[in-house]
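The structure appears right after this line, and notes come after that.
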Amino acid sequence: MSEQPGRPAHPVEQGRDPAGPPPGTPLGPPGPPPVERTGRRALWLGIVALLTSLFFYPLGLVLGVAALVIGIRARRRARTARGAAPGAVPGIVLGSVGLAFSALSVALTVFLWPELSGYQECLGASNTGADKTACKHEFYPKIEKKLDLPAGSMDKYGDLL
């Protein structure tokens, strides 16, 4: 409200643009538009999904799906705004690869669950190195047979379990 009696001052007379935001409205922080940030977010989620799919695959599943969803949404928004979403496509690709690795790990774990759980129980009950070796000799051939691997191949990569 103006301090002088009479009609209120016109916005242009007050020194502000009538098409701009009303006074007191906080402006957003300077930086890239939201579509660009969303594309970069998809890229980071895709990278983390790929890394976690190798070590902690349930989290890789979740992050892979999140990277896909956010990347696809960023691409759609960029297309409708006729802008760019840098990082969206690589985020979609990395999220897809991380999701595939995680899904493969989950499927392999479900398939080998009886053997893997028996092996872990055997290792938990073993007290000596000879007991641990006996666990390997008992369960490695079962895993090799179920996966149709050549005999003795688990001796090379079995420590990854």
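The values are calculated or read from the model by the stated rules, or taken from the named source; none is laboratory data. Since the structure is predicted, the reported quantities are computational estimates derived from the model, not experimental observations. Counting neighbours? That spans all protein chains shown, and the Cβs are built from the backbone with ideal geometry, glycine included. For accessibility, only protein heavy atoms count, side chains too; no ligands or nucleic acids. Shrake-Rupley method; radii C 1.70, N 1.55, O 1.52, S 1.80 Å.
Structural remarks
- Residues in the range 42-55 that are modelled with pLDDT under 90 and surrounded by fewer than 24 Cβ atoms within 10 Å (Cβ to Cβ): LEU54, PHE55.
- The single residue among GLY39, GLY31, GLY64 that is modelled with pLDDT under 90, open to solvent by less than 60 Å² (accessible area, probe 1.4 Å) and over 13 Å from ALA85 (Cα atoms) turns out to be GLY31.
- Total residues in the range 125-146, condition within 25 Å of PHE56 (Cα to Cα) and open to solvent by less than 60 Å² (accessible area, probe 1.4 Å): 5
- Single unsatisfied condition, VAL110 versus (1) open to solvent by 70 Å² or more (accessible area, probe 1.4 Å); (2) modelled with pLDDT under 90: (2)
- Unmet requirement for ARG82, which otherwise passes all of (1) in a loop (DSSP other than H, G, I, E, B); (2) in contact with a Lys or Arg (Cβ under 8 Å, 6 or more places away or on another chain): (2)
- Some residue of the range 113-124 being open to solvent by 50 Å² or more (accessible area, probe 1.4 Å), in a helix (DSSP H, G or I), farther than 30 Å from GLY158 by Cβ and among the polar types (S, T, N, Q): no
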